[in-house]
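**Q** One structure coming up, written as structure tokens, with questions to follow.
The values are calculated or read from the model by the stated rules, or taken from the named source; none is laboratory data. Note that the structure is a prediction, hence the values are computed from the model and not measured. Positions of Cβ are backbone-derived with ideal geometry, glycine not excepted, and every protein chain shown enters the neighbour counts. Quick note on the areas: whole protein, heavy atoms, side chains included, nothing else; ligands and nucleic acids left out. Shrake-Rupley method; radii C 1.70, N 1.55, O 1.52, S 1.80 Å.
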Amino acid sequence: MKIRRIAAAVAAATAGAIVLSACSTPDVAGVAGSETQSVTVGWNQPMFSQNNLTASGNATANANILYLTNPNFYYYDGDLNLQFNDGLGSIKAVSQDPLTVEVTVNEGVVWSDGTPVDAADIILWWGAQNPKFNTVAGGDLERDADGNEVVPTDAVWFSGTSPIMELVSQFPEISEDGRTVTMVFDETRPDWMMGLGMPPVAAHAVADIALGKPDAAEAKDALIAAFHDNDKATLAKIAGVWNTGFNFTSMPDDPRLFLSTGPYILNEFVENQHLTLVRNEKFSWGPIPAIDEVTFRFTEDPMASITALQNGEVDLIAPQSSVDVLQNLANINGVTYVTDIEGTWEHVDLTFNNGGPFDPATYGGNAEAARLVRQAFLMSIPRQQIIDTLIHPLQSDAAIRNSFLFVPGAPGYDEAVAANGSDIFGGGDADKAKELLGQARALYPAMPQTIDVRFLYGASNVRRANMFQLIQAAAAPVGFNVIDNGDDMWGQRLGDGTYDATMFGWQSTNTFLLNAESNYVTDGQNNFGGFSNAEVDALWAKIAESADDTTAEVRGFAHEIESTLLHEGFGLPIFQFPGVVAHSDRLQNVSSIALSPTILWNFWEWTIAG
């Protein structure tokens with residue numbers, strides 16, 4: 001069966017406004033009987049970190065698993081209305097001037113080892129994402145042979161910081177019962193609630209591993225004191241564990257690394273093969289899923305996912321769409337699939353700070369020469385050919401995406417495209433690209449006649465491999481030697497400086513314009529190419545100061561940001577993903593939204609037919 005229903009959700013996701021609902025999550029009873037209810041989900045990339053609040057761990061592959069094991073205070077429903085999970089706790093604004101917020105964890109909420117969730121966990125959320133505690137800057141850190149940041153042992157470096165938590169400069173107040181934390185913001189911003197939540201790792205586990213304090217209460221007290229007193233020596237140890245201590249690609253021996261506050265807990269993890277979640281028997285502060293076990297099977301190959309679905313080895317997949325994928329799904333009995341555009345969009349980004357072809361340092365510090373080289377390369381990218389060759393067979397009305405911040409068809413998109421200057425990057429203009437490269441050589445005569453560009457992408461991703469070949473072929477006549485740097489571990493290399501251009505997809509996690517800030521602001525968590533522009537930073541600050549990010553004035557700031565990104569050669573948007581979600585008919589109540597976690601958003605409502 002074929003159903004089309006995703007596009008409306010994508011448009012809603014970028015409308016720039018949300019509806020807050022005070023209702024709790026729905027209560028779904030578990031299936032009676034002793035037979036284990038199991039579901040297997042096919043996914044393209046394995047989990048690699050329990051901590052998705054670090055710079056390296058901030059990935060969909062981790063967030064999807066954590067959505068089932070470590071819930072937050074809120075989530076988006078099927079209509080993209082923001083719902084509160086009041087079984088876990090609450091977030092309340094008790095004053096607007098200054099903005100003062102109470103974050104409360106309900107009594108009885110515990111980690112899977114039985115330790116209460118409380119203020120220490122909220123303090124960890126606040127402190128580990130607050131750049132005020134860092135004594136070094138990410139850009140100043142050296143990297144080892146594998147591209148990992150080398151942090152001095154006496155330095156404090158929390159790698160994933162939040163522009164929202166940065167606004168809470170004073171140590172929060174902790175209630176007498178230890179379950180409420182009150183934060184006073186120095187300034188407000190329209191998306192302040194998106195910066196508050198529950199850490200995916202336990203405060204007592206972090207402190208125990210970092211400081212050797214096995215008693216949970218003692219560990220929590222030590223962690224709170226370290227942040228309260230800004231104890232650099234202790235915070236350096238805590239930061240080291242926070243950054244890398246919860247990274248793993250197979251089942252850890254240490255249960256502290258995968259503690260859960262949600263309905264499921266990690267039970268088995270075979271590297272690059274599968275991961276299984278089972279019921280967390282202590283969980284009672286939210287909807288109880290009908291499904292006892294959820295297994296994720298990993299493969300980058302869409303056809304392998306379809307074969308697994310056909311054979312009954314998996315129940316739910318969201319493979320990268322292709323003509324072969326759709327044809328094969330149409331011929332499988334007992335399978336329902338949905339097609340239309342997704343909330344994810346493909347883009348190419350360039351690296352500014354690795355001594356490569358797009359770095360001014362390569363041209364003796366000549367920033368204009370480097371900018372022209374970047375623009376020349378981007379000008380050569382055959383975006384229309386990519387659409388015609390790879391996307392139109394899946395979506396006949398597909399078009400180039402010409403905005404970084406607005407989705408095609410959503411409010412604000414047409415105005416952004418008209419204002420941002422994207423028309424000069426039509427569909428690949430070799431003559432214009434050569435002209436720009438000639439101007440760059442005039443500014444820096446020592447520039448080589450052929451410029452090497454190391455291009456990173458997911459090697460086993462068929463569509464991206466095809467896109468790479470089109471980009472490589474189009475850039476060669478211009479004067480670029482595009483080197484195949486394809487790697488199935490591409491996600492763990494982002495930002496390591498070993499490539500000059502990369503291609504992957506971005507997907508929003510909320511509906512606010514500021515959701516994209518970390519992609520483009522200086523030292524932003526998702527700004528992997530080292531782009532830094534004072535004008536762009538100032539414009540993001542203006543958006544952050546606004547009460548409503550849907551006004552004409554604020555959208556004008558967004559248009560200016562996009563114009564600068566294109567002028568400076570940050571990268572290029574390519575297209576909105578043509579999507580497909582397929583599931584066996586035995587799995588009921590499957591739904592998808594245009595925000596992360598897409599197909600998993602209502603897992604507690606899944607049931608097995610029959």
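**Q** For region 86-148, place one equal point scatterer on every Cα, skip the solvent, and apply the Debye formula. What is log10 of I(q)/I(0) at q = 0.13, 0.16, 0.22 Å⁻¹?
**A** -0.61, -0.76, -0.97
**Q** Per-residue accessible area for ARG279 at 1.4 Å probe radius, Å² rounded to 10?
**A** Rounded to the nearest 10, that gives 50 Å².
**Q** Which value, in debye to the nearest 20, describes the size of the charge dipole of the chain about its Cα centre when Lys and Arg Cβ atoms bear +1, Asp and Glu Cβ atoms bear -1, and nothing else is charged? Show your work: numbers first, answer last.
**A** On the way: 30 positive and 75 negative charges, 244 e Å.
Computed about the Cα centre, the dipole is about 1180 debye.
**Q** So for the pair SER169, GLU107, with labels modelled 7 Å out along Cα→Cβ, what separation do we get in nm?
**A** Reported label-point gap for SER169 and GLU107 is 3.8 nm.
**Q** With the Cα gyration tensor of region 275-387 in hand, convert its eigenvalues to equivalent ellipsoid semi-axes via √(5λ) and list them largest first in whole Å. Present the calculation step by step, with values, prior to reporting the outcome.
**A** Numbers: eigenvalues 383, 110, 29 Å².
Each semi-axis is the square root of five times an eigenvalue, giving 44, 23, 12 Å.
**Q** Compute the FRET efficiency between ASN331 and ALA609 as 1/(1 + (r/R0)^6), taking r as their Cβ-Cβ distance and R0 = 22 Å, and round to the nearest 0.05.
**A** Numbers: r = 21 Å, r/R0 = 0.96.
Result of the calculation: an efficiency of 0.55.
**Q** Separate question: Calculate the spin-label point distance for ALA534 paired with THR498, positioning each point 7 Å from the Cα along the beta-carbon direction, and give it in nanometres.
**A** Label-label distance for THR498 and ALA534, simple model: 3.5 nm.
**Q** State the extension gain, in nm to one decimal, for the chain segment bounded by ALA547 and SER396, taking 0.36 nm per residue of separation less the distance between their alpha-carbons.
**A** On the way: separation 151, 0.36 × 151 = 54.36 nm, distance 3.92 nm.
Full-extension gain reported as 50.4 nm.
**Q** Set the Förster distance to 25 Å, then compute FRET efficiency between GLU218 and ASN134 from the Cβ-Cβ distance, nearest 0.05. Don't skip to the end; give the middle numbers.
**A** Values: r = 26 Å, r/R0 = 1.04.
FRET efficiency, GLU218 to ASN134: 0.45.
**Q** Taking the Cα centre as origin and putting +1 on Lys and Arg beta-carbons and -1 on Asp and Glu beta-carbons, what dipole magnitude results for region 487-564, to the nearest 20 debye?
**A** Numbers: 3 positive and 14 negative charges, 19 e Å.
Here the size comes out at about 100 debye.
**Q** Now for a different question. Run the quick spin-label model on THR509 and LEU211: label points 7 Å from Cα toward the beta carbon, then report their separation in nm to one decimal.
**A** In this crude spin-label approximation the distance works out to 2.6 nm.
**Q** Over region 160-277, with the other protein chains present, what is the accessible area per residue in square angstrom, probe 1.4 angstrom? Intermediate results must be reported in sequence, preceding the final value.
**A** On the way: 4620 Å² over 118 residues.
About 39 Å² of surface per residue is accessible.
**Q** Using just the helices of the chain, give the 222 nm mean residue ellipticity in deg cm²/dmol: DSSP H runs with n ≥ 4 each add -39,500 (n - 2.57), and the total is spread over all residues, rounded to 500. Show your work: numbers first, answer last.
**A** Values: 16 runs with 167 residues, N = 610.
It comes out at -8000 deg cm²/dmol, rounded to the nearest 500.
**Q** Please give the length that would be gained between GLN469 and ILE483 if that part of the chain were fully extended, namely 0.36 nm times their separation in residues minus their C-alpha to C-alpha distance (nm, one decimal).
**A** 4.0 nm
**Q** Going by the alpha-carbon gyration tensor, a ≥ b ≥ c the square roots of its eigenvalues, is region 167-236 rounded (a/c under 1.5) or, if a/c is not under 1.5, prolate (a/b greater than b/c) versus oblate? Please list the in-between numbers first.
**A** Details: a/c = 1.93, a/b = 1.79, b/c = 1.08.
Prolate.
**Q** Take the Cα gyration tensor of region 438-501, multiply each eigenvalue by 5, square-root it, and list the three semi-axes largest first, rounded to whole angstrom. Let's see the in-between values first.
**A** Details: eigenvalues 131, 44, 9 Å².
Value: 26, 15, 7 Å, ordered largest first.
**Q** Among all lysine pairs in the chain that are eight or more places apart or on different chains, how many have alpha carbons less than 27 angstrom apart?
**A** 15
**Q** State the extension gain, in nm to one decimal, for the chain segment bounded by GLU187 and ASP301, taking 0.36 nm per residue of separation less the distance between their alpha-carbons.
**A** Working: separation 114, 0.36 × 114 = 41.04 nm, distance 4.66 nm.
Full extension of this stretch gives 36.4 nm more.
**Q** Averaged over every viewing direction, what's the projected area of the C-alpha convex hull for region 506-610? Give it in nm², one decimal, please.
**A** Details: hull surface 35.3 nm².
Computed as one quarter of the Cα hull surface, the answer is 8.8 nm².
**Q** If you don't mind, another one. So what are the radius of gyration and Dmax for the Cα set of region 343-484, in Å?
**A** Cα only, region 343-484: 15.9, 47 Å (Rg, Dmax).
**Q** With a 1.4 Å probe and all protein chains left in place, how much of the accessible area of region 533-599 comes from carbon and sulfur atoms, in whole percent?
**A** Details: 1070 of 2160 Å².
Roughly 49 percent of what the probe reaches on region 533-599 is carbon or sulfur.
**Q** From the P(r) of region 397-477, can you give the percent of Cα pairs sitting at distances over 18 Å?
**A** Details: 2005 of 3240 pairs.
That tail contains 62 percent of the Cα-Cα pairs.
**Q** Considering only C-alpha atoms, what is the centroid distance from region 385-436 to region 108-164, in Å?
**A** 38
**Q** Using the Cα atoms of region 422-465, I'd like the radius of gyration and the largest Cα-Cα distance, Dmax, both in angstrom.
**A** My reading of the Cα-based Rg and Dmax gives 14.6, 40 Å.
**Q** Now a separate question. Over all alpha-carbon pairs in the chain, figure out the percentage whose distance exceeds 48 Å. Mind showing how you got there, number by number?
**A** Values: 19172 of 185745 pairs.
That tail contains 10 percent of the Cα-Cα pairs.
**Q** Right, next: What do you reckon, how do VAL270, VAL462 stack up by accessible area (1.4 Å probe), largest on top? Could you put the intermediate results ahead of the total?
**A** On the way: VAL270 45, VAL462 85 Å².
Highest to lowest solvent-accessible surface, that is VAL462, VAL270.
**Q** Please report, for the Cα atoms of region 226-346, the Rg to one decimal and the Dmax as a whole number; what are they, in angstrom?
**A** Gyration radius and largest Cα-Cα distance of region 226-346: 20.0, 64 Å.
**Q** Evaluate E = 1/(1 + (r/R0)^6) for ARG586 and ALA446, where r is the Cβ-Cβ distance and R0 equals 60 Å; express this FRET efficiency to the nearest 0.05.
**A** On the way: r = 65 Å, r/R0 = 1.08.
E between ARG586 and ALA446, to the nearest 0.05, is 0.40.
**Q** Summarise the long-distance tail of P(r) for region 155-293 by giving the % of C-alpha pairs beyond 22 Å. Numbers along the way, then the final one.
**A** Numbers: 4925 of 9591 pairs.
Result for the distance tail: 51 percent.
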